[in-house]
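**Student:** Dropping the structure in here first, questions after.
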Amino acid sequence: MSCETPSARFPGITKALVAGCIITAAIAAAQSACAQDLQHSHTTAPPRHQHQHRARATRMRRTSRVQPTVAHRSIHARTAAALAPPKPKPDLTGKQRLGIASFYADNFGGKPMADGVPMNLDGNNAASRTLPLGTKAKVTNLETGKSATVVIEDRGPYVDGRIVDLSPATARKIGITRRQGISKVTVAPITVPQPDGTVKLGAAARKTGPVREASLQTAARTR
């Protein structure tokens with residue numbers, strides 16, 4: 001009676017069985033790995049329609065920032081107009097006004113004024129928010145009593161309480177120093193152009209008596 005085992009009697013069959021088991025295990029491991037990758041991709045990657053929605057929302061945000069709609073622009077324009085200070089009415093009365101005078105900084109020299117003429121730091125040009133362009137007026141410094149004649153050719157100053165901006169030469173002439181910067185003055189119109197082309201005499205033209213006024217030529221010779 002033989003004592004040989006089946007594996008010894010049939011070595012080819014045993015090897016085939018072992019190889020089959022190994023291949024089956026490898027296939028099962030590969031299938032498991034593929035299933036895990038597929039599950040991970042489903043949990044991390046958003047659906048295709050979500051990608052399209054996000055891309056569309058991004059394009060809309062960029063478009064809204066770069067090209068605002070006409071309705072938005074009109075709303076912003078109305079809001080800015082409502083917040084802007086009201087434009088002062090022209091003062092055509094020729095009455096004397098009391099307020100603060102300041103003067104132009106040197107860097108404004110040569111720049112065009114409201115009437116198109118370059119600003120002259122040594123001239124008698126001045127700025128007012130209310131007096132018509134071309135108005136001739138007498139500006140008197142209430143601290144020194146000195147006066148000068150100016151012509152309104154520009155708009156400003158845009159600071160509450162200030163009624164006239166002078167050239168540096170005119171400011172020196174009536175006693176406003178650079179260190180002081182501003183002074184309380186009266187502005188009395190001499191002639192005021194009217195909308196119909198006529199000229200109205202102002203408060204300074206109706207006054208009588210000597211006027212303490214230094215000319216620009218005198219001021220230039222004394223500097």
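**Student:** How about segment 93-107: which of its residues are free of Cβ contacts under 8 Å to residues at least 12 places away in the same chain and hydrophobic (A, V, I, L, M, F, W, C)?
**Tutor:** Answer for segment 93-107, where residues must be free of Cβ contacts under 8 Å to residues at least 12 places away in the same chain and hydrophobic (A, V, I, L, M, F, W, C): just Ala105.
**Student:** Which of the residues belonging to segment 172-204 are under 18 Å from Lys89 (Cβ atoms) and in a loop (DSSP other than H, G, I, E, B)?
**Tutor:** Applying the first criterion (under 18 Å from Lys89 (Cβ atoms)) to segment 172-204 yields 187, 189, 192-196, 200, 202.
Result: Gln194, Pro195, Asp196, Gly202.
**Student:** Here is a list: Ala169, Ala114, Ala137, Ala126. Which entry is in contact (Cβ under 8 Å) with a residue 40 or more places away in the chain, surrounded by fewer than 21 Cβ atoms within 10 Å (Cβ to Cβ) and not in a loop (DSSP other than H, G, I, E, B)? Lay out the reasoning, then the answer.
**Tutor:** On the way: Ala114 fails: not in a loop (DSSP other than H, G, I, E, B); Ala137 fails: surrounded by fewer than 21 Cβ atoms within 10 Å (Cβ to Cβ); Ala126 fails: surrounded by fewer than 21 Cβ atoms within 10 Å (Cβ to Cβ).
Of the residues listed, the single one that is in contact (Cβ under 8 Å) with a residue 40 or more places away in the chain, surrounded by fewer than 21 Cβ atoms within 10 Å (Cβ to Cβ) and not in a loop (DSSP other than H, G, I, E, B) is Ala169.
Throughout, read-outs are computed from the coordinates displayed, never taken from laboratory work. A quick note: this is a predicted structure, and the numbers were derived from the prediction, not measured. Neighbour counts run over all protein chains shown; Cβ positions are idealised from the backbone, glycine included.
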